[in-house]
Amino acid sequence: MTQILKLTINGTSQDIPIDDPRATLLDVLRERIGLTGTKKGCDRGQCGACTVLIDGRRINSCLALALSYDGAEITTVEGLAQGDLLHPVQAAFIEADGFQCGYCTPGQIMSAVALIAEGEAGLDPERVREGMSGNLCRCAAYAGITEAVLKATRAMNREDAA
Amino acid sequence: MADVMNIQGHVRLGSNAGQSMTRRDGVLKVTGRATYAADNRPEGVLHAVTATAGIARGRVTHLDVAAAEAHPGVVKVYTPANRPDLAVSPDEKIHGFAWRTEALQDDTVRYAGQPIALVVAETLEAATEGARLLAPRYDADTPRIGLDGGVPFQPETVSIGASPTLEAGDMDAARAGAARHLETVIETAAQYHNALEPHAITARWTGDRLEIDTPNQAIGLAKQSFAAYLGIDPAQILIRSPFLGGGFGSKAILFGGQLLAILAAKDLDRPVKLALRREQMYGPVGHRPATRQTLKLDIDPQGHISALDHHTIAVTSSFDDFIESASNASHSVYATKAMRTTHGAVRADTGTPGPMRAPGEAPGSAALEVAIDDAAYAMGFDPLEFRLRNYAETDPATGMQFSSKALRECYAQAAEAFAWKDRPLEPGSMKQGRLLKGWGMGTAQFPCPMFQAAAHATLRADGSAVVETSAADMGQGAWTSLAQIAADGLGIDIDRLEFRSGQSSLPDAGVAGGSGHTATAGTALFNAGADTIRQLAELALNDPASPLFGADNAGVTARGGRLYRNDDDTRSEAYEDILARAGLDLLRGDGKGAREGEPERAMFSHGGVFAEVLVDPDLGQVRVSRLIGAFAAGRIVNPHLARSQLLGGMIWGIGFALQEEAIHDVRTGRFTNADLAGYHIPVNADVPMIEALTVHEDDPFVNSLGIKGVGELGVTGTVGAIGNAVWHATGIRPKRFPIHPESLI
Ligand code: FES
Ligand code: FES
C-alpha cells in the first residue's frame, strides 16, 4: 500500500508516495526522488557518506526509516549552495582540497555544516578531528577536511560579525 | 608566463603544470552533482542484489527461488540453472590482466561471500528481501584459511607475470664476510581496499548497443573485456566512468556481478542497476593478501649490508594466481653486495587477491624497513645514519644508474622538519606524561612504470581547444593535472581548454594504476597538443601573410594561444588568426604515451618518512602523534593535489601499521569483520599533525615530461616508520602488522 510521506527537502515541501515501508530515508532521497548527491557507503551507519540534516541535526540517513520522518525538514548537499554561490563550507572544501574522489564529500560537508552550527569544536583542530570522525574518507583527505572546517568556521564567524 | 615548448622539439617546463590549481571537478563534487555509477536512474531501471555464499568451500545444493520470486516486486531470480549464456567462461583468463570471477557459471563455492544468485526487482527493498528469501543450503567442505591453513605451492610468477626469484651477486661469499647475521620475520594481514563507493553498475541495452555506467580504472581494457565475455564487438559498448568513488586497484578488475547485471538487462529488456553491499566487497573485488616475510641481513663490520635475503609467503585463492610480490620491494632500496628475493604461496578459500595501493611494495617495504632498523640498532647506528651508510648509488638489483634520485635531500628535509637529530639511540628513553614516546623512520620507494595511452587534441576556430582521452579520475586529480599538461602541450591557458574524459568512446588512456597514469596519459595529451601545434606552425610558417613566415630555422614557440618567433619575440600570431586564414574550423593532433624500448635506467620515486608515536604502557594503545615525509617524484604537476595524494598514502600507512586487518573465522571461512565498523580504517581523529614535503627533482630519463608518480609512494616507508617508532617507544619489535595493543604489554 502506498503511503504519502510529507517532507520539506531543501526548503521545498513535498508529498512523496512511498511504495515500500521498508525504504530508508537514504533510498527515498536517492532512488525515489533523484537526490543522488547523498551517498551510500555502507548502508549501516558506519561511514557517514549518507549524512543529511534533519531539523538541523546531522543523521545517517541510511539508518532512518523514511516513514518515521513524516513532517521533517531535511537539508541535503543539494540544498547548500544558493544558485552559483557556494556555501562557505563547500568553498572551503575546494580550497583546502578536503576531498579526492569526492564520494564521502557530501556527507563530510553536511557533517561540517552541523558541526560548525553546534559550535562545540570552534577553532580547535583536535576537536574538529574528533567531531568529523563519524565520516570516513578512504582517500584519507583528513588534513584537508580539518583545514576546510576551520577555514569555513572562520569565514562564517566573519559573516556573522559583519 | 614561461615558455611552453619549442616547435623544434625541445620541451621546457610549462606554464600550467607546476601550479597548485584546485580540482576542476571540485564544484561538482561539493554540490552533489558529480554522478557516480549508482547515481544513474534510467527510466524503468530495475534493482539487482546478489545473494552470497555463507560457506567458504563446497556446493550450493538448494536455493528457494520460488519464495524469492513470490515476493512482491521481485521480477526474476538468476541462478546457475537459468543464467543467460556468456561467450567466454568467467573462469577463462581472457588476457594477462583478467581475473577469474564468478558469474553463476556453476554451483561451486570457492570463498565466503561469493555471489550465488542474482535477484532483480522493481525496488531495492524487494530485491534485498528476495535475496534473503533464497535461504541457500549447502554441501560444505572444510575451508582452508590463512597462511597456515592453506595449501602451499611454488608460484611460477608473482604480481602480473613477474619472476618470483631474483639473485644478484654471490650470496655465499657475501654472507661469509659478514660480522652480523640478522633475521626478521614479519606477518602482514589481509587488507581490503574498501573504496568508499561500493562497486556498482548500471547497464542498459538499446537493441544490440550496451551502455554501462560503472567505476573503472582502465576503461579501454574494460570495454574489450566486456565485449569478449559477451561475444560482441567492442564498438557496441559504451562505458561511462566519469567519477570513481575511490579505486585503489579494486576497480581495475572486472567482477562477475557486472556481467550478471548486463545479462539481466538484456534478458529483461530493462536497465538494471547493481551496487555491492559493503560486506560483498570482501571477496569478488580483490584484496591485499596476508603475507609472512623473512628477511635475512648480513652486515659487515663497518655497518654495510653485504647480503640481503627476502622471502615472502603470500596467500592466494584456490582458483587464480595473483601472488603479492612483497620481496621485490627490497630490490632497489639499499646497497648490498648480493641479494636474493624469493616467493612462495599458499592456496586458501578466499577471493583472489589483486593489486591494492602499493601492491608488493607496501607489505615488502614494511618488513624491509623493520629489518633495516633492527640492523641499525644491532650495529650501534642511528637509523638515518645507517640508511645513509647503505645508500644505493646505483640500483643493486640491476646495476643500472637511477634516472634520478633525490633521496638524500628527502631524508635531510624530513629529518630537519621532524627535529630527528635529538633522537636518543636507546628504545624506551622518551616519555610524554605517562605515555611512552618513540621516533622511527622509513624509506619510501615506488617504481615508475608507464603503460600505453592515446589522446586527441583539437584546436578550434576561436583558439580554444578540446582534448580527449579516456583517463580515469578516482580521486588522484587526473581531470585537473592532465588538463594542466594538455594545456601546456597546446600552449594555451587552461581556461581555454575543454577536457573530455572518463568514457570508452575516447582514445584509450590505459590504466589508472601503478602510479603511472599521469605520466602515461599526460605524455599522450602533451604529444597530442604538440602535434596540433606542429601542424599549426607549418600553416603559419608557409603563409606569406603570417608574421611568422620564414621563421623556419629559428622556429616558433607556442604560449598563451599564440605562436612566437624564437628569434624575435615581437613577431607573433594568435592561433585563431592562423586558422582563419587557412580556412580551418578545426585542427586535430594525435599523441601517444608509452615508454620506448627497454629502460636503461632504474626509475623510482623516493621519500623519507619520520613518525612519532605515543604508546600507553598499560593498554598498549598506539597513537601516531606526528608524521612527516619528504618525497622526490620528478616533476610535480600540481603540488596541491600531489600533497593530497602523498598524505593519503601516508594515512594508508597508518591504517596498515595499526588498524587494517580482515579476520576470518577459521572454522567457517567467513569474515568476522566485513564492514566498516569491524574493519578499521583511519578516521580523522587518527590523523595527527601530518605533512608531506616535496623535493625538487628533474628527471630527463623517466619520460619526456619528467613525471614520476605520487599515488602509492606515501604508503611505502610509512608503515615501517611507525613500526620502528613503536619499537623505539617500547623496545618491542613488531612481528606483525597491524600492531595489536596486546603485543605491547
Ligand atoms: S551509508 Fe549511511 S553511514 Fe554509511
Ligand atoms: S574523498 Fe574519497 S572517500 Fe573521501
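The values are calculated or read from the model by the stated rules, or taken from the named source; none is laboratory data. Quick caveat, the model's predicted, so the values are computed rather than measured. So basically every Cβ, Gly included, is an ideal-geometry build from the backbone, and we count neighbours across all protein chains shown. Note: accessible area is taken over every heavy atom of the protein model, side chains too, but ligands, DNA and RNA are not part of it. Shrake-Rupley method; radii C 1.70, N 1.55, O 1.52, S 1.80 Å.
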Identify all lysines with a Cα-Cα distance to residue A:151 below 30 Å; exclude those on the same chain that are fewer than 8 residues away in sequence.
A:39, A:40, B:29
Loop-located chymotrypsin sites (Phe, Trp or Tyr not before Pro) in the range B:540-576 whose Cβ has at most 10 other Cβ within 10 Å (DSSP)
none
For the range B:592-745, the accessible surface attributable to carbon and sulfur atoms (probe 1.4 angstrom, ligands and nucleic acids excluded) amounts in percent to 53
From Cα pairs below 8 angstrom and at least 6 apart in sequence, can you work out the relative contact order of the range A:88-161, rounded to a whole percent?
48
Over the Cα atoms of the range A:88-161, compute the convex hull volume and normalise it per residue, giving Å³.
70
By Kyte-Doolittle mean hydropathy of at least 0.5 and Cα axial length of at least 18 Å, which whole DSSP H helices of chain A are selected?
A:105-118
Label-reachable residues, the range B:474-495, where backbone N falls under 17 Å from a point 7 Å from residue B:582's Cα toward its Cβ
B:489-492
For chain B, which semi-axes, largest first and in whole Å, follow from the square roots of 5 times the eigenvalues of its Cα gyration tensor?
41, 39, 21
May I ask you to derive the FRET efficiency for residue B:132 and residue B:596 from their Cβ-Cβ distance with R0 = 56 Å, giving the value to the nearest 0.05?
0.50
Add +1 for every Lys or Arg and -1 for every Asp or Glu among the other residues with Cβ under 13 Å from the Cβ of residue A:71, and state the total.
-3
Can you give the % of DSSP beta bridges in the range A:3-79 that are antiparallel, to the nearest 5?
90
Between chains A and B, total accessible area buried, probe 1.4 Å, no ligands or nucleic acids, nearest 100 Å², roughly 4400
For the range B:661-714 and the range B:580-607, distance of Cα centres in Å:
29
Efficiency by 1/(1 + (r/R0)^6): what FRET value for residue B:416 and residue A:130, r their Cβ-Cβ distance, R0 = 35 Å, to the nearest 0.05?
0.70
What is the Cα centroid distance between the range B:624-642 and the range B:464-502, reported in whole angstrom?
22
So what's the Cα pair-distance distribution over the protein assembly as shown, bin width 20 Å, in %?
15, 45, 34, 6, 0
Can you give the accessible area per residue of the range A:3-79, in Å², using a 1.4 Å probe?
38
So what are the range B:492-606's ellipsoid semi-axes, whole angstrom, largest first, if each one is the square root of 5 times an eigenvalue of the alpha-carbon gyration tensor?
32, 18, 12
Extending each Cα 7 Å along its Cβ direction at residue A:15 and residue A:63, get the distance between those two points in nm, one decimal.
3.3
Across every pair of different alpha-carbon atoms, what Kirkwood hydrodynamic radius in Å does the range A:3-79 reach?
12.0
Anchor residue B:93: lysines whose Cα lies under 22 Å away (excluding residues fewer than 8 positions away in-chain):
B:223, B:251
Roughly speaking, what is the centre-to-centre gap between the range B:196-219 and the range B:108-134 when only Cα atoms are used, to the nearest Å?
19
Relative contact order for the range A:3-79: what percent, with Cα pairs under 8 Å and sequence separation of 6 or more?
40
In the range A:10-33, what residues drop by 40 Å² or more of accessible area when the other protein chains are put back, versus the chain on its own? Use 1.4 Å, and skip ligands and nucleic acids.
A:22, A:30, A:31
What is the sum of charges around residue B:68, taking Lys and Arg as +1, Asp and Glu as -1, for the other residues whose C-beta is under 13 Å from the C-beta of residue B:68?
-1
Less than 14 Å Cβ to Cβ from residue B:695, Lys/Arg counted +1 and Asp/Glu -1: what total charge do the surrounding residues give?
-1
By a straight-distance test (C-alpha under 24 Å), which lysines pair with residue B:421 as possible cross-link partners, with residues fewer than eight away in the same chain excluded?
B:405, B:431, B:437
